[in-house]
Amino acid sequence: MKRFYERQIWMANPFMLSPALGCLLLFFVVPMIATLAVSFTDWQLGGKGDVHFIGLANYLELWRSPDFMKSVRNTFFMTAIVVPTSFVLSLALALAVRASGRFAQLWQTIYFLPVTASLVAMAVVWQWILHPEVGFVAVILSHFGVTENVNLLNDPDYVLWTLSFITVWQMAGYFMVLFLTGLVQIPTELYDAAKVDGARSPASLFANITWPLLGPTSFFIVILTIIKTFQVFDIVKVLTRGGPERASEILLYTMYQEGFSFFRMGTAAAIAALYLAVMLFLTWLQTHFIGRRVHYGFQ
């Protein structure tokens, strides 16, 4: 009888999975194949000429393009700022919230608010905060004797740092919740045992218990932070539009410009294909190195 029910469930699985598989094919697999196909053509959006197969010409053009390479450097520079900063900040916030007792829910809600806010609307608020003359930052700098107007969104030396700060501000609350989830899974008995063995200071407990058991969660957050940083688009579009002099232009904005400003869909598709390859590689890293190592509870 048991084998009969197992056989019936196995036969029903294809029908149960068909809606999900259909959505996966319709919204991921088919667009992915179409994007790869377009990346090998010279398709011009709105063009009247025929579409021709040009092989790797779009990819070679991107490789030789100084503007595209600058966009790649900007993206990696921003990632190098955002990933460690948001990681350390979100971990510190999680530890602080965890130790705040009955006020934990309140602080968790406050720190999570930027995640729930519309980033386009908040970008407008940041535009006012960073205004070089009447903004909040300008007022603070004036109290420290800085009388010269500092335009953080229109200076090539500061713009990427500013956008990175806004990105960290928006992401930290989300990763804090993930760290809190990992902290909750650590049994308190391990801390009690460590105290009996002589690890009484908070630093010792963190080094010997908390940090090792947060390993899978930490790796997951690092990979997720990289992916989310590569996906930054809204604040660049609203605040800087890639300027000044392409100093804040990153990959997604370059792809948007190529496709919907210059109508070079073949080039935009080639950038999307490269972007997809990076995302798939990061996803594979996450699956390969975490995989079954993640434990959602302890026996």
Within the chain: Cβ-based charge dipole about Cα centre, in debye rounded to nearest 20 (Lys, Arg +1; Asp, Glu -1): 1020 debye
For the chain, using Cα atoms only, the Rg and Dmax in Å read 24.2, 83
Work out the charge dipole of the chain with +1 on the Cβ of Lys and Arg and -1 on the Cβ of Asp and Glu about the Cα centre, then indicate which of Trp128, Trp284, Val150 is farthest towards its positive end. Trp284
Cut-off of 10 Å, at most 12 other beta carbons, DSSP loop: longest stretch of the chain lacking such GluC sites (Glu not before Pro): 1-132
Here the averaged projected area of region 63-222, based on the convex hull of its alpha-carbon atoms and given in nm², is 13.4 nm²
Given an 8 Å cut-off on Cα distances and at least 6 residues of separation, report the relative contact order of the chain as a percent. 29 percent
Options Gln231, Leu163, Ser261, ranked by Cα towards positive dipole end of the chain, top entry (Cβ charges): Gln231
For the chain, modelled as a Gaussian network with Cα springs under 10 Å, which listed residue fluctuates most, Val51, Val238, Val196? Val196
So which residue, out of Ile221, Ile129, Ile140, gets the largest mean-square fluctuation from a GNM of the chain using Cα contacts under 10 Å as springs? Ile140
Phi angles of region 180-189, converted by Karplus (6.51 cos²θ - 1.76 cosθ + 1.60, θ = phi - 60°) into ³J(HN,Hα) in whole Hz with x for Gly and Pro, give 4, 4, x, 5, 5, 6, 7, x, 5, 4
For region 167-179, what does the Karplus curve 6.51 cos²θ - 1.76 cosθ + 1.60, with θ = phi - 60°, yield as ³J(HN,Hα) per residue in whole Hz, taken in order and with x for Gly and Pro? 5, 5, 4, 7, 8, 4, x, 5, 6, 4, 5, 5, 5
Assigned charges on the beta-carbon of Lys, Arg, Asp, Glu; region 92-242 dipole about Cα centre (debye): 340 debye
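Throughout, read-outs are computed from the coordinates displayed, never taken from laboratory work. A quick note: this is a predicted structure, and the numbers were derived from the prediction, not measured. Here Cβ is always computed from backbone atoms with ideal geometry, including for glycine, and neighbour counts include all displayed protein chains.
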